[in-house]
Amino acid sequence: MVSKTQVVEVMSELAQALIHDYPSSSLTEYVCESLTTIKKSNGVAFTGQLQYFFNHAPIVKTSDNLKFNEKTRKLWDKLFSLNELGNNLWGASL
């Protein structure tokens, strides 16, 4: 089971990589804003915010037309591999 701490850690690493490599992109802004919101959320609110992020981040990335470097791509893939939100019971363990 994936914990909130794991999600926040990976998302923080991704945010830092984006700030470094793509400082003025819409995706960087979106990830940083989402991270702030997700850190403040708990339980079902956390899972809802995270699912919203998983649904919308690829759209923002595509609209930015970014070509990730290897480090950023690995962090992106690692974060999206944590998408285990089959139902709201996942949030109950947080």
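Quick notes
- Among the residues of the stretch 1-15, those identified as over 12 Å from the mean Cα position of the chain (by Cα) and either outside any loop (DSSP other than H, G, I, E, B) or of a type in the set (A, V, I, L, M, F, W, C) (or both) are 1, 2, 5.
- Total residues in the stretch 1-17, condition of a type in the set (A, V, I, L, M, F, W, C) and open to solvent by 40 Å² or more (accessible area, probe 1.4 Å): 1
- Within the stretch 18-47, if we keep just the residues that are of a type in the set (S, T, N, Q) and closer than 19 Å to residue 77 by Cα, the residue that is most open to solvent (accessible area, probe 1.4 Å) turns out to be 26.
Residues checked against (1) assigned to a helix (DSSP H, G or I); (2) at pLDDT below 95; (3) at positive phi:
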site: 17; (1), (2), (3): yes, no, no
site: 24; (1), (2), (3): no, yes, no
site: 29; (1), (2), (3): yes, no, no
site: 36; (1), (2), (3): yes, no, no
site: 39; (1), (2), (3): yes, no, no
site: 46; (1), (2), (3): yes, yes, no
site: 50; (1), (2), (3): yes, yes, no
site: 53; (1), (2), (3): yes, no, no
site: 57; (1), (2), (3): yes, no, no
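The values are calculated or read from the model by the stated rules, or taken from the named source; none is laboratory data. Everything quoted here is computed from the prediction, not taken from an experiment. What goes into the accessible areas is simple: the full protein's heavy atoms, side chains included, and nothing from ligands, DNA or RNA. Shrake-Rupley method; radii C 1.70, N 1.55, O 1.52, S 1.80 Å.
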